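Heads up, the thing below is written out as structure tokens.
The values are calculated or read from the model by the stated rules, or taken from the named source; none is laboratory data. Only a predicted model underlies this, so the values are computations on that prediction, with no experimental measurement involved. So basically every Cβ, Gly included, is an ideal-geometry build from the backbone, and we count neighbours across all protein chains shown.
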Amino acid sequence: MKPETDPRQPDFADLSARVYRLCLALLGDGTDAGDAAQESLSRAWSGRGRKRDGVSWWTWTGGFAVRVCREMRRGRAVRAKVRSLDGIAYPPQGKRQEARGKRDREEGRGLHEAIMALPDRQREVTVLRLLVGLSTERAARMLGCPEGTIKSNLHKALSNLRAKMDESGLADEVRGV
């Protein structure tokens, strides 16, 4: 039999297990689910002052878990899109074509590394606009800033990428962007 508990305070053992199971179902990976559950519980506890009476801790924290998992899935999709630069498929047509495909993959890796080295906002804008293919308007809404800021950050990012690629001798990779 459970001891009397304060309804204003959650049973963290039960709540954390339920949140973890929800995150595991949404993400399918135990490590990511553990990270998402921890972040969800942290956000829910930090925002506990906004929790309305009558709303269960499970409902309150589950909402955070769904949003955190959504954020993680989006992050996975973007990372997968960026990683796909390494696995660009070029149909080889003889040894000459195979050599070109290898060079193209190396250039893709160089571009990937250059993108990952950009400042956060420039990297986010570059990924959202060029790799994910979002419009300027949609990227601005997603990042919560004006369209002009997106354009400015993309311009700076492309300038930085060109400079980095010039240094490494792979400038042609970004010139077409």
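So the values come out like this:
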quantity	calculated
Positions within the range 25-34 being out of contact with any Leu (no Cβ under 6 Å at 6 or more places or on another chain) and either hydrophobic (A, V, I, L, M, F, W, C) or surrounded by 16 or more Cβ atoms within 10 Å (Cβ to Cβ) (or both), in sequence order	25, 26, 27, 32
Count of the range 137-161 residues which are surrounded by fewer than 16 Cβ atoms within 10 Å (Cβ to Cβ) and part of a helix (DSSP H, G or I)	10
Any hit, the range 162-169, residues being over 30 Å from residue 29 (Cα atoms), modelled with pLDDT under 75 and not in a loop (DSSP other than H, G, I, E, B)	yes
Matching residues, the range 11-24, being exposed (fewer than 13 other Cβ atoms within 10 Å of the Cβ) and among the aliphatic types (A, V, I, L, M)	13, 17
Of the criteria (1) assigned to a helix (DSSP H, G or I); (2) of a type in the set (Asp, Glu); (3) modelled with pLDDT under 90, which one residue 53 fails	(1)
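For every residue, the table says whether it meets (1) hydroxyl-bearing (Ser, Thr, Tyr); (2) modelled with pLDDT of 75 or more.
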{"position": "81", "(1), (2)": "no, no"}
{"position": "90", "(1), (2)": "yes, no"}
{"position": "93", "(1), (2)": "no, no"}
{"position": "102", "(1), (2)": "no, no"}
{"position": "114", "(1), (2)": "no, yes"}
{"position": "117", "(1), (2)": "no, yes"}
{"position": "130", "(1), (2)": "no, yes"}
{"position": "134", "(1), (2)": "no, no"}
{"position": "150", "(1), (2)": "no, yes"}
